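Quick notes on the structure that follows.
Values quoted throughout were computed directly from the atomic coordinates according to the rules given, and no laboratory measurement underlies them. Since this is a predicted model, take the numbers as computed values, not measurements. Here Cβ is always computed from backbone atoms with ideal geometry, including for glycine, and neighbour counts include all displayed protein chains.
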Amino acid sequence: MDTPFIKTLRSPNGHYCYDVNTNSIVRISKHLYSALNESWTVDELISDSRTQSEAKLLISQGLLSSHRVSNIRHPYTDDLKYYLNNKIDQMTLQLTQNCNLRCSYCPYTQMNKQQRGFSSNTMTKEIGEMAIDFLREHSSDNEKVTIGFYGGEPLINFKLIQHLTQYAKSALLGKKVSYTITTNGTLLTPRILKFLHENDCSLLLSIDGPENIQNKNRFFANGKGSFARVYENLRKLRMSFGSELSHMISINMVMDPSNDFDQINHLFADPLFKDIPIQAVLLDDEFSDHKNKVSRDFLDKYIYQEALASLSFLDVVEDLQVSPIFLTFLGKLKGTEQQMRGKRSKLPDVGAPAGPCIPGQRRLFVDYRGNLFPCERVSETSACMRIGNLSSGFNYVAAERLLNVATLIADRCKDCFAFNSCISCCKVADDNGSLSAEKLLKGCAMSKEIVLQDLEESVLIKEAYSVYGKSKRYGN
């Protein structure tokens, strides 16, 4: 295949191509854009008078190469055992499979074959201590480690949190240990938050919007909405800690795209939420029987707010009021802009798409029985996601299979423009307990769409910089 490995892009102001080998975007003429869109070969580009000089110039700069990866194999394959044995960054502990809420979109509420349901199963002190010992034995080359507390609702088992936090002080002596916890907020008290804060535990509080939005999807097992309880607990925290609260907790907001965006955003008009950091994500329906329904109204307002965030990032308009929901988007724009600076000469001969991380190295998940999984986002009922247990250690064969999940669709990956920024991992390929090429391919469409959007945002940034200069606010 001797067609250039590129993706054409255009804006109202010009034509571009994303060069996959060099991971860079270059402005091109309309003639070259059309030729690349028609999959002209390199020979055809340098033979045609309309594209010859431009193509030769770009080729001399290392662009328009037809080189593709010849063999799909993750670059960390040979070092997999080393990383799992010596460099685990974070361990997430499933303290309980129980929760006092029954959120409509929660995969554990669905009670389907794709994920477990709720139960009264809880982690014992013995399993928790074994897990921390396992972390010590498999993080010898890390000065810092993180322990995550997970559920269900982890605060149901707060006594175990207290015990394991104390145990880790001696078991992980010599390391800097930090903690994370995600909670629905219904059991959160000033006493609990004080303990967590004193032990360097970052707390993520799940709340999806004002009362009508929150209560639509997040309710107790008896059907009663959870907003009033969470709001009252947050009010008590604000009274106890004042402005310091914004340094002690963050908000995790799951946006249901069937709702009104303005109503969701209205939550932040309440002084109670002043200055509390927020990370907002769209509802993940991967394990849900009920797929997302996106209202036109939500989409229009979402796009408008995204545009405001872009203008703020570019520092084009002074004193622009950006929704707190889109502060995450500003960080994403910054990351996209920095990523495009990582230019190289060409792709390696052997490599893999960017999606898969080393299974278990970044966020090893330990269930209440001591089984090991790549992270907390995969299905606990899936045999192909299990990569070992605390007693017998890692199953390196299983971990390597997940690391190299792209081999299922190797030929597609080799020729995919999203190769450098792919977000598809083993979770996407899980088909009720086995890895499926068909399932992975379905996830490719979303990955390509996201990468294409990032590339288009990069074009926007390039054009805006050419007109307005670099943004002083974000240090570009």
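Sum -39500 (n - 2.57) across every DSSP H segment of at least 4 residues in the chain, then divide by the residue count to get the 222 nm mean residue ellipticity, nearest 500.
Values: 17 runs with 178 residues, N = 476.
One gets -11000 deg cm²/dmol as the mean residue ellipticity at 222 nm.
Roughly what would the spin-label model give for V316 and E129, points 7 Å off Cα along C-beta, in nm?
In this crude spin-label approximation the distance works out to 6.1 nm.
Listing M248, M253, M239 from the residue with the fewest other Cβ atoms within 10 Å to the one with the most, what is the order?
Numbers: M248 16, M253 22, M239 10.
Fewest-to-most Cβ neighbours within 10 Å comes out as M239, M248, M253.
Arranged by the count of other C-beta atoms within 10 angstrom, fewest first, what order do V42, V397, V69, V366 take? Spell out each step's value before the answer.
Details: V42 15, V397 8, V69 23, V366 28.
The order, fewest Cβ neighbours first, is V397, V42, V69, V366.
What does the C-alpha gyration tensor say about the overall shape of the stretch 348-395? Classify as rounded when a/c is under 1.5, otherwise prolate if a/b is larger than b/c, or oblate.
Working: a/c = 2.52, a/b = 2.05, b/c = 1.23.
Note, shape of the stretch 348-395 comes out prolate.
From the Cα gyration tensor of the stretch 1-142, with a ≥ b ≥ c the square roots of its eigenvalues, which class applies: rounded if a/c is under 1.5, or else prolate if a/b is larger than b/c, or else oblate? Kindly include the intermediate steps, with their values, before the conclusion.
Working: a/c = 4.19, a/b = 2.28, b/c = 1.83.
Prolate, because a/c is 1.5 or more and a/b exceeds b/c.
Using the beta-carbon distance between K56 and S119 and R0 = 51 Å, what value does 1/(1 + (r/R0)^6) give for FRET efficiency, to the nearest 0.05?
About 0.15, to the nearest 0.05.
With N denoting the number of residues in the stretch 6-67, provide Rg(C-alpha) divided by 2.2 N^0.38 Å, to two decimal places. Mind dumping the intermediate values first?
Values: Rg = 10.5 Å, N = 62, 2.2 N^0.38 = 10.6 Å.
Rounded to two decimals, the normalised Rg is 1.00.
Quick one: net charge around T51, please, counting Lys, Arg +1 and Asp, Glu -1 for every other residue with C-beta under 13 Å from its C-beta. All intermediate terms of the calculation are to be shown ahead of the outcome.
Details: positive: K30, R50, K56; negative: E38, D43, E44, D48, E54.
Spelling it out: positives minus negatives among the neighbours equals -2.
Once the piece of chain linking I450 and N292 is laid out straight, how much longer is it, given 0.36 nm per residue of separation minus the C-alpha distance between them? Intermediate values should be presented prior to the final figure.
Values: separation 158, 0.36 × 158 = 56.88 nm, distance 1.68 nm.
Between I450 and N292, full extension yields an extra 55.2 nm.
Arrange the following residues from fewest to most other Cβ atoms within 10 Å of their Cβ: D415, D367.
Working: D415 13, D367 22.
If I rank by nearby Cβ atoms, fewest first, I get D415, D367.
For L327 and N13, what is the calculated FRET efficiency with R₀ set at 22 Å and r taken between the beta-carbons, to the nearest 0.05?
On the way: r = 28 Å, r/R0 = 1.26.
Working from the Cβ atoms, E equals 0.20.
Quick one: if you take sqrt(5λ) for each eigenvalue of the C-alpha gyration tensor of the stretch 80-339, what semi-axes come out, biggest first, whole angstrom?
Working: eigenvalues 203, 107, 80 Å².
Whole-Å semi-axes of the equivalent ellipsoid: 32, 23, 20.
Multiply the residue gap between E244 and E137 by 0.36 nm, knock off their C-alpha separation, and tell me the result in nm, one decimal place.
Working: separation 107, 0.36 × 107 = 38.52 nm, distance 3.62 nm.
The E244-E137 span can extend by a further 34.9 nm.
Using 7 Å Cα-to-Cβ label points, what is the Q162/K346 separation (nm, one decimal)?
Inter-label distance under the simple model: 6.3 nm.
How far apart, in nm, are the 7 Å Cα→Cβ label points at R235 and K274?
1.7 nm
Compute the convex hull volume of the Cα atoms of the stretch 180-221, divide it by the residue count, and report the result per residue in Å³ as a whole number. Don't skip to the answer; put the middle values down first.
On the way: hull volume 3.3 nm³, N = 42.
Looking at the stretch 180-221, the number lands at 78 Å³ per residue.
What share of Cα pairs, in percent, lie more than 31 angstrom apart in the chain? Each step should come with its number before you reach the end.
Working: 58488 of 113050 pairs.
In whole percent, the long-distance tail amounts to 52.
All other residues with a Cβ under 15 Å from the Cβ of E143 taken together, and with Lys, Arg as +1 and Asp, Glu as -1, what is their net charge?
Working: positive: K87, R136, K144, K175, K176; negative: D89, D141, D200.
Value of the local net charge: +2.
Work through the residues other than L245 whose Cβ is under 13 Å from its Cβ and net out their charges, Lys, Arg +1 and Asp, Glu -1. Don't skip to the end; give the middle numbers.
Numbers: positive: K194, R235, K236, R238, K274; negative: E244, D275.
Taking every other residue near L245 into account, the sum is +3.
In bins 5 Å wide, starting from 0, what share of all Cα pairs of the stretch 173-267 does each bin hold, as a percent?
Result returned by the calculation: 2, 12, 22, 22, 17, 13, 7, 3, 2, 1.
Ranked highest first by the average count of other Cβ atoms within 10 Å around their residues, in what order do 88-98, 190-200 fall? Show your work: numbers first, answer last.
Details: 88-98: 22.7, 190-200: 15.9.
Answer by packing, highest mean first, reads 88-98, 190-200.
Give, in whole angstrom and from largest to smallest, the semi-axes √(5λ) of the equivalent ellipsoid of the stretch 113-225, with λ running over the eigenvalues of the Cα gyration tensor.
The equivalent ellipsoid of the stretch 113-225 has semi-axes of 30, 17, 13 Å.
Between Y396 and E38, what length in nm is gained on full extension when 0.36 nm per residue of separation is reduced by their alpha carbon distance?
Values: separation 358, 0.36 × 358 = 128.88 nm, distance 4.43 nm.
Separation in residues times 0.36 nm, less the Cα-Cα distance, equals 124.5 nm.
Once each part is reduced to its C-alpha centroid, what is the distance from the stretch 1-69 to the stretch 393-465 in angstrom?
Each part's Cα centre sits 24 Å from the other's.
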